[in-house]
1. If amide hydrogens are placed 1.01 Å from N in the peptide plane, which non-local residues have theirs closer than 5 Å to the one on residue 801?
2. I want to check the label-to-label distance for residue 821 and residue 783. Put each point 7 Å from Cα in the C-beta direction and report it in nm to one decimal.
3. Applying 1/(1 + (r/R0)^6) with R0 = 41 Å to the Cβ-Cβ distance of residue 629 and residue 675, what FRET efficiency is obtained, to the nearest 0.05?
4. So how do 56-69, 691-704 stack up, highest first, on mean other-Cβ count within 10 Å?
5. Arranged by the count of other C-beta atoms within 10 angstrom, fewest first, what order do 483, 186 take?
6. Using a Förster distance of 35 angstrom, determine the FRET efficiency expected from the C-beta separation of residue 1032 and residue 746, and round it to 0.05.
7. For segment 773-869, what is the charge dipole size about the Cα centre, in debye to the nearest 20, if Lys and Arg each add +1 at the Cβ and Asp and Glu each add -1 at the Cβ?
8. What list do you get for 73, 225 if you sort them by fewest beta carbons within 10 Å?
Amino acid sequence: MHIALKTDGCRIWSSGSVLGVTVFRRGVARLLAVVLCVVAPGLMVMPSSVAADPVVERVVSFVDVTESFLFHKEISWLAAEGISTGWDVGGGVREYRPLASIARDAMAAFLYRKAGSPAYEPPASSPFTDVAPGAAFYKEITWLASQGISTGWDVGGGKRAYRPLNPIARDAMAAFLFRFAKPVGFTAPAQTPFVDVATGAAFYREITWLASSGISTGWDVGGGKRQYRPLNGIARDAMAAFLYRYAADKVSTNPLDPRAGTVTVAPDVEVLDIAQLDTALVSASSLTLPSSEAADINPNDVLVAGVTPGTPEGLLARVVEVGREPGGNTLVKLKPATLTEAIVSTSGLLEVTGTPVSSSFTPEPDVTVTTGQPAAAGRSSNLTRPQAVASGEVFSESFSIKRTIKSEVTNDELSGNGSVTLESSVRTSAKAKMTLEAGFLQLKEASIVLTPSFASKHSVSVSGSLEGTVSAKLGVLKAVIVFPTAIPVVVTAEAEVAANLNAAGTAEISYVTAHSVSYDVGFKYREGSFNLVNTKPQVTGVQNGVQATASLTARLSLDFDADIRFYGIAGITFGAGPYASAPIAVVASGGSLTWSCPLEIGFEARLGVVAGVEVMGFKFERTDGISASWKLLEANPCEGTAVVAPSPPDSPVITTKQLPPGTIGQAYRTVLTAAGGASPYSWSVSSGVLPDGLQLDSASGVVSGVPFGATTSAFTVTVRDARNASSSLAMSISILPLDASPSGLTGVLKTVTWGDAAFALKNDGTVWAWGMNPDGLLGTGDTVSPTKPLPTQVANLSGVEDIYIPSNYSGAAFARKSDGTLWAWGAHQWGLGNGTTYSSTPVQVTGVSSVKDFEGNGSNFFVVNGDGTVSGWGRNIYNVLGGAPQTALPAPVPGLSNIKQVSSDGLSAFAVDTDGKVFSWGIDSREVLGNGELGNYTVPTVVQGLPKVQKVVFDKYGGAVYALGLDGSLWTWGTKVGSMLGSYNKSPVQVSGIQNVKLVVSAYATYAITRDGALWSWGANSQGQLGHGNYTSISEPKQVLGLPAVSTLTTDTEHVVAVMGNGQMYWWGNRQQSSSRNNFGQTTPVAISAPTNVASVTNAFSNYGVTHPAVYATGIDGRLWAWGDNRSSELGNGSTDPSPIPLQVGLVP
């Protein structure tokens, strides 16, 4: 079956392939005749027949998701599809809460809505014990179960639990999407793509399907390896990205050629078809069409069109508002979109040759066109192949001119009493090529390159005395080019062609030259580096002849000044042309004339960029023009003539001064950093070589690989910025021999400490312990050995998802397993939660289920259960258990439901529910309860005056409380941090001067990290621990300067270690970590040279004020490093010798 449209014989086939181009519209194959077919005239807007007020639909926006937010377009799509519209916080403002974890009930709702909210009658009797009929998302959860997507957990007795409030992990998310998609014929690979997901592991098939579908490819951890991190939770922003990629359509670039690659089209792309465009009125900022043709156009859509009478330069725009007038017209307001908003990713680097839609040459009156003007359709012989043959020309014109100019008096162009006759014949043509490679979070490569070529013959006759310049305009050339992919890229070019002559002297001269020149011009963006393309020209067919009776210097050129636009709104400008220069000398010798003509054939090009325009997914910055000149007939015509951009105000400076050593056979990774100049940077080794097995990534500055030879390599690194300014630095890397000792502790996900004991959770679900072992604290079953000098596995414990050490003095450790159970070991006078006070191996805590949060201290313990209730046990001083009696077994804390987090200092406690409300109870000795006046509460009471909160944090020692709002605001009450700084805050007050906070840590001094990586500090400062360059304590936040973007940090009362986003660590504060002398510390951040690929850091001071702490850093590669005091073997390297530098845990020195 086929459908014939009202066009000049252009047909659209129902297979979804038009002229070899396939596109998708909301998950259904659509037809793209608009790419290359020009519709018949008849553009029309239907008149309104109904006087009713139009219905206006606008894009859903969120106050906490700005356009610069990483997953802005994905979250906007999610809202536009009605899958999630966030929370209404009043005043017409909505929040999405992108960094909040997504729970299993919300995941059910997301998938139900993604399925189109199908008709479904939920059962009268719930299949789950923890999801009652009428509960939030009951219909969606039971629909999920009916589809076999999730059937929950078997809890015995024929009953099942769904655990709706549990955060969903990445492995479970893969399983949900796999079952939702029901892929046919997928076979899991024999070799895993992820180092932390073994073949045969839980959800191995589902996770590898997710990777093969391009929905998630995990993290690159160096050495050609990737991690999936299956047990990590998922925030709401990442979930939006996963659903966005799942909904995207993968389309073949060329259905006739499987090797051509694929393009994944964004799910919000709406391709306008012939019927819509035939009755539409299009402007730069709006689209008006009959309402009957606009039913499928919605706010946030990306509208795409090829070349039509209504969109002669194509269309690529984002819908910001839709006004529907019933029975009349629909007004669609637009803003420009970029190609990366329409294309999610590509299967690799795509190379597409431009195909002409039309071209025209408008000659000057005295210019004769010597080739016919074929219709646009006649230029479309290659339209059946999106990757057209390389020889295809987007335009080709030939023309000639003859003009004689006389000058008896001086004028602005030419002076003298002679005349010049210029006769030229010219053939100009061009090819066009586009490359595109896109990944999920970045555009890897984009380029548009036009290759014009000139074949010209010029004849110049000069008589008499002439000096000056004469220019003859030949005409204006216009061309429309389409790069046919799933999303058509429309390029328009307009060029003015002119011939120019510079002459000086007196002569009777006849000067003829003929030659052909071609070159490449355009732009190329590759992984952070933007360059203008202006290549060495190629010259052929040079023929020249000169006859003269005097002396003359003549220079003739052909200028081609063009402007290239993308979808009519942005582009590059360039001027180019071949020239011939002939200094001619004529002398008399023996009565006869002789002459010499050292002819020079050359080429000049000028290139510039439109200012401040974003296209293809990145922003063009203005250049005033880049010029290059080549003397083509010289022996080395291009030597020393590389394209150089104007120098920026300053040049980049390499800030990395020293590189860490490596070890033979072990993965190596470090990051080079620079400051100044114009980003992005490109990196290279300009002299010398890296050690064998290591490579430098030019875009990121990452040096990585696996070295395989012991050596010290010296080399020079050069950084070059976007404007071609550069600087270099001599560096070296030493590769050490492989020690015969064990490989050390690997696969570490998390480390916790208490005093001189340390525990590490590995990615295989096991827990390992070392250091001090009082009362069997390490959980190995050994109650005799006072210490364990090397990591030893905690006995009888597997499938662990998280580990905890209670704050303050405890002597017990806890682990949460993947089945939601909680386990404890060690000794605690108030009980391990099973009626006992001691065990040298893990025992299960009774009376709790589906545990999702735990908090403990020296006196009491709290658990958040999967149903949102809170259980507690312990001493219960001042009724901190919320009215429950003192107990050694978990008992419910009354008055709490839908809780997601609990926090306690042993005397008072806080709980945060899923709506963001904060509850407090216990003793109010330092007004920490935030109730506005001193007073104790035996039952949980709502803290007033707060926004919606995601987490409450206690200062470890100072009595202050912090609440982190979902909007990134920070609030505090209780003792002001650093008791010497002032009185109490009786009620919550907002911390001024900072916003968009993502992490807060407090121990007399407080540290807040904002979402852009800035670090702010305030409070006590006796050892310079605030990092401000002094020892002055302050009560208001002040930014810590001299740091890259900060990811996380750990602190005791006086010493700070922070991890940057690039994996490097810095420290400041108390130099010895055990000195109590004031004004002795390091007051500004100092870089720690190695390791440089750190993910997280903690120290013994973080849990109790011991005076000889060790610091632990977990690498991205899963290795664990430690340094500091080692009197109880807490460094885990088999010795008791302290170390001032990081050593790998588990490696014997």
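Derivation of every value follows stated rules applied to the coordinates shown; laboratory data play no part. This one's a predicted model, so the numbers in the text were calculated from it and none came from an experiment. Note that we place each Cβ from the backbone using ideal geometry, even for glycine, and neighbour counts take in every protein chain shown.
1. 816, 817, 818
2. 2.2 nm
3. On the way: r = 34 Å, r/R0 = 0.84.
With a Förster radius of 41 Å, E is 0.75.
4. Taking the mean over residues of other Cβ atoms within 10 Å, the ranking is 691-704, 56-69.
5. Ranked by crowding around the Cβ, least crowded first: 186, 483.
6. Working: r = 44 Å, r/R0 = 1.24.
Working from the Cβ atoms, E equals 0.20.
7. Details: 4 positive and 8 negative charges, 28 e Å.
The dipole of segment 773-869 has a size of about 140 debye.
8. Numbers: 73 22, 225 16.
Ascending Cβ contact count within 10 Å gives the list 225, 73.
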